[in-house]
Amino acid sequence: MKDGHPRDERLRDFRNFLFLVWKNVGLPEPTWVQYDFAEYLQNGPDRVVLEAYRGMGKSWITSAFVVWTLYWDPTKNILVVSASKSHADDLSTFILQIIRTVPGCEFLDCVGRDRHSKIAFDVGPAPPSKQPSVKSVGVTGQMTGSRADIVLADDVESLNNSLTQNGRDLIAELIKEFDAIVKPGGRVVFLGTPQTEQSIYNLLPSRGYTVRVWPIEFPDPGLVAVQRDTLAPEILRRLDVEVARPGEPVDPK
């Protein structure tokens, strides 16, 4: 790399990096669902909605993905957006913790950089830029003027802001801003759990987004018929080869 910091080529696969992160933050090895989610996060399309059940680890996996992205390209700018500013700040804090905990990532630390707060910081090798390496904002906060290679929208729909049609309409309008924020060739990744049948995530396919779903239980044939185009292929494969049965938990661990 031009910055002179050596990289481990084994970590080109984000799943290997995720294993390393989990080990160093005291978690057990990622489950098959978490590995499957991680693989699609790395290799999925540029406009994607990743839906999974509560507790699957979407936010933590994505925080590791941010570090992995900067590990391989410290010039990237990443915007983390959530329904609440505090949740977005928690994610950027965890990103910093990964950088300071995982061996080989120390060179990304923001110590000594002018921007070094948990809400906006530059990684060590980042070149001078108007935009920070990582910035966290609430979806109703000030996003105007931001530019990013990757916009990570984590739980922009919450129980509170999706209770009414007016609330859903507001969020649906606010997330249109992502198209103005993301740089040409960049990615917009939504992560979440739909809160209602009128979830804003249901609007996104009409805006060019691909949806990938990991349900909490293996679906029955009726649901498979309805959701086949969005279900993670590994869910379908396990049902097809009868490794799993409808109604069983997808991830017992």
#### Entry: Spin-label proximity, Arg147 to the range 67-99 - amide N less than 16 Å from point 7 Å beyond Cα toward beta carbon
75-79
### Query
Restricting attention to the range 122-161, which trypsin sites (Lys or Arg not before Pro) occupy a DSSP loop and are surrounded by at most 12 other Cβ atoms within 10 Å?
Lys130
### Task
Of the options Tyr71, Gly57, Tyr35, report the single residue whose Cα projects farthest towards the positive end of the charge dipole of the range 30-77 (beta-carbon charges: Lys, Arg +1; Asp, Glu -1).
Gly57
### Message
A 32 angstrom limit on the alpha carbon distance is what I want to check against. Which of Lys23/Lys85; Lys23/Lys183; Lys176/Lys253; Lys118/Lys176; Lys23/Lys176 exceed it?
### Response
Lys23/Lys183; Lys176/Lys253; Lys23/Lys176
## Note on the structure
For the range 125-142, in residue order, the Karplus 3J(HN,Hα) values (coefficients 6.51, -1.76, 1.60; θ = phi - 60°; whole Hz; Gly and Pro = x) are x, 5, x, x, 7, 5, 9, x, 4, 9, 9, 10, 9, x, 5, 9, x, 8
### Task
Leaving out ligands and nucleic acids, note down the accessible area per residue over the range 177-251 with a 1.4 angstrom probe, in whole Å².
53
### Message
Quick check: residue separation of Glu173 and Ser129 times 0.36 nm, minus the Cα distance between them. What number comes out in nm?
### Response
13.0 nm
### Message
Quick check on the chain: helices-only [θ] at 222 nm, where DSSP H runs of length 4 and up contribute -39,500 (n - 2.57) each and the sum goes over total residues. Nearest 500, please.
### Response
-10000 deg cm²/dmol
### Query
Considering only DSSP states other than H, G, I, E and B, which trypsin sites (Lys or Arg not before Pro) in the range 17-71 qualify as loop sites with at most 14 other Cβ atoms within 10 Å?
Arg54
### Task
Mind computing the radius of gyration and Dmax over the alpha-carbon atoms of the chain? Å is fine for both.
18.3, 57
### Query
How much of the accessible area of the chain, probe 1.4 Å, is carbon plus sulfur, in whole percent?
52
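The values are calculated or read from the model by the stated rules, or taken from the named source; none is laboratory data. Given the structure is predicted, the values throughout are model-derived calculations rather than measurements. Every residue, glycine among them, receives a Cβ derived from its backbone with ideal geometry; neighbour counts consider all protein chains shown. Protein only, heavy atoms only, side chains kept; ligands, DNA and RNA dropped before computing areas. Shrake-Rupley method; radii C 1.70, N 1.55, O 1.52, S 1.80 Å.
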